[in-house]
Amino acid sequence: MTENNQTEKEQRRAIVGKTLEGKLFQNTLGSNLVRSQPHEYGQLGLRSGEATYHEVTSDETFNKQRQEIYNQKKKGMEQDGVYGEPAMPSNSEISHLLMRQLREVMGMATLSELEEHTKDIGAELDFKVPEKLRKMSYEKIISGAKENGKITNEGRLDIDKLTEDEKDALGMYQVLSQAYERACARNASQANYFEDLSNTGKDIAKKYNPKKE
C-alpha cells in the first residue's frame, strides 16, 4: 500500500469515527426521528425527544453551523450584487444538513466500522458481520458497480449483476444503518425521560435551599 493510500485510509477512518461517535450527529438524528415518528416511541418518548431536540438546537456547534451557512449565503448574494439579507437557516435546515452528513459517512464506513459504532451506541445485535464482508462498504459497492457496468440505463443499481457477496453486503449495510438510526432514536427518546418530573422536583427543592447573603 502506498503512503498516499495509507494516508487516505487513515483520514477516512478518522472521519468515520468522529462522525459516528459524535453526540451532536447522534442526537440530531435521533431527536428528529422521534419527533417525525411519534407513534413509534409513545408520549413520554416524544416528550424526551423534544427535550433532546431543544438541547441540540441550542448547542454551540449546531448554531456555529447555522452561522456558517448564513455567512456563505450572504457572501454569495453580495458577490451577485443582491440587495438585502438572507434568511437565517432554520433548525430544520441545519438538522437536515447534519443528518445528510451522517448518512453519507455511514455509506463511507466499512461494515466492520459500522457494526462497531452501531453496537457502541447500544444497538442490541446478536450477530457479527462475516469476515468476508467486513471491509466492504456501501460506497465501494456503488463505485464498483459504476465502473463495471452494473448500473441500469435509468441510473439504478442493477441487482441482478451484483455478486452474491455484494448483495449480502448491501443487505448487511441496510441492517446496520437502520440499527444505528434506531439506536440514536431510542437514546433520544430516553435521554430526558424524567425531565418533567425532575424540573418539578427542582422547583420545589429550590424553595428550601438556603439563600446566599
- Note on the structure: Taking Cα pairs closer than 8 Å and at least 6 residues apart, the relative contact order of segment 1-98 in percent is 24 percent
- For the chain, give the magnitude of the charge dipole about the Cα centre (Cβ charges: +1 Lys/Arg, -1 Asp/Glu; no others), in debye to the nearest 20. 540 debye
- Task: Find how much the distance from residue 24 to residue 92 grows on full extension, using 0.36 nm per residue of separation minus their present alpha carbon separation; answer in nm with one decimal.
- Result: 23.0 nm
- Task: Report, in degrees rounded to the nearest 10, the 0 to 90 angle that the Cα long axis of helix 3-20 makes with the longest principal axis of the chain.
- Result: 40 degrees
- If you rank 115, 85, 50 by fewest surrounding Cβ atoms within 10 Å, what's the result? 85, 50, 115
- Message: Net charge around residue 120, counting only other residues with Cβ within less than 11 Å of its Cβ (Lys, Arg = +1; Asp, Glu = -1)?
- Response: -3
- Give the shape of segment 9-191 as rounded, prolate or oblate, defined through the alpha-carbon gyration tensor: a ≥ b ≥ c are the square roots of its eigenvalues, a/c under 1.5 means rounded, and otherwise the shape is prolate if a/b is larger than b/c and oblate if not. oblate
- Item | Label-reachable residues, segment 106-121, where backbone N falls under 20 Å from a point 7 Å from residue 128's Cα toward its Cβ | 110-121
- Take 83, 138 and order them by how many other Cβ atoms sit within 10 Å, fewest up front. 83, 138
- Message: Could you work out the relative contact order of segment 86-213? I mean the mean sequence separation of Cα pairs under 8 Å and 6+ apart, divided by the number of residues, in percent.
- Response: 27 percent
- Message: Give me the one-decimal nm value for the distance between modelled label points at residue 71 and residue 11, 7 Å along each residue's Cα-to-Cβ direction.
- Response: 2.2 nm
- Task: Sort 62, 127, 194 so the one with the fewest other Cβ atoms within 10 Å of its own Cβ comes first.
- Result: 127, 194, 62
- Query: On a 0 to 90 degree scale, rounded to 10, what angle separates helix 195-206 from the longest Cα axis of the chain?
  - Reply: 30 degrees
- Message: Between 0 and 90 degrees, rounded to the nearest ten: what's the tilt of helix 60-79 against the longest Cα principal axis of the chain?
- Response: 70 degrees
- Note on the structure: At the level of C-alpha centres, the distance separating segment 17-44 and segment 163-213, in angstrom, is 7 Å
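Any read-out appearing in this document is the output of simple, stated calculations on the displayed coordinates, not a laboratory observation. Fair warning: this is a prediction, and the values are worked out from it, not measured in the lab. Note that we place each Cβ from the backbone using ideal geometry, even for glycine, and neighbour counts take in every protein chain shown.
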